[in-house]
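Peer 1: Have a look at this one.
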């Protein structure tokens, strides 16, 4: 897989509201991070990428649309899997380089089928260079817990 991520092609027709577009900070490919969070529990579901058009579609339809960097196309979450994300609210972060999408998720949010993309387990806190990740010590505690 290449690191090159071509920017989505501009689409004719409706555009993202200028006041919203002016607040966005995009990477060199015209993309910004989109974090999906379950609206009623606060559970973080996934991180994906959007451009202006994906955000416009999401805000206009209430169904979350992302830009797939690997497939190089737009995809509406759940269009093929049935695991739909219905938008409840959207907010830009203070820098304008990420959007928080509060959604109602049906089924798994992750492409693996898991509820969340963050089910791979907690990383050990306090791990430093030279230590084996996951190595327990008296001051470190168990995996994913803060030292006491």
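Peer 1: Nearest 0.05, what FRET efficiency do residue 40 and residue 123 give at R0 = 35 Å with Cβ-Cβ as r?
Peer 2: Step by step, r from the Cβ atoms, then E = 0.85.
Peer 1: Moving to a separate point now. Between residue 70 and residue 91, how high is the FRET efficiency from 1/(1 + (r/R0)^6) when r is the Cβ-Cβ distance and R₀ = 25 Å? Nearest 0.05.
Peer 2: The computed FRET efficiency comes out at 0.40.
Peer 1: Ranked highest first by average number of other Cβ atoms within 10 Å, how do 43-56, 85-98 line up?
Peer 2: Averaged packing, sorted descending, gives the order 43-56, 85-98.
Peer 1: Taking square-rooted eigenvalues a ≥ b ≥ c of the alpha carbon gyration tensor, is the range 18-105 rounded, prolate or oblate, where a/c under 1.5 means rounded and, failing that, a/b exceeding b/c means prolate?
Peer 2: oblate
Peer 1: Note the full-extension length gain between residue 19 and residue 111 as 0.36 nm times their separation in residues minus their Cα-Cα distance, in nm to one decimal.
Peer 2: 29.8 nm
Any read-out appearing in this document is the output of simple, stated calculations on the displayed coordinates, not a laboratory observation. All figures in this text were calculated on a predicted structure; none of them were measured in a lab. Heads up, the Cβs are rebuilt from the backbone with ideal geometry, glycines too, and the neighbour counts pull from every protein chain shown.
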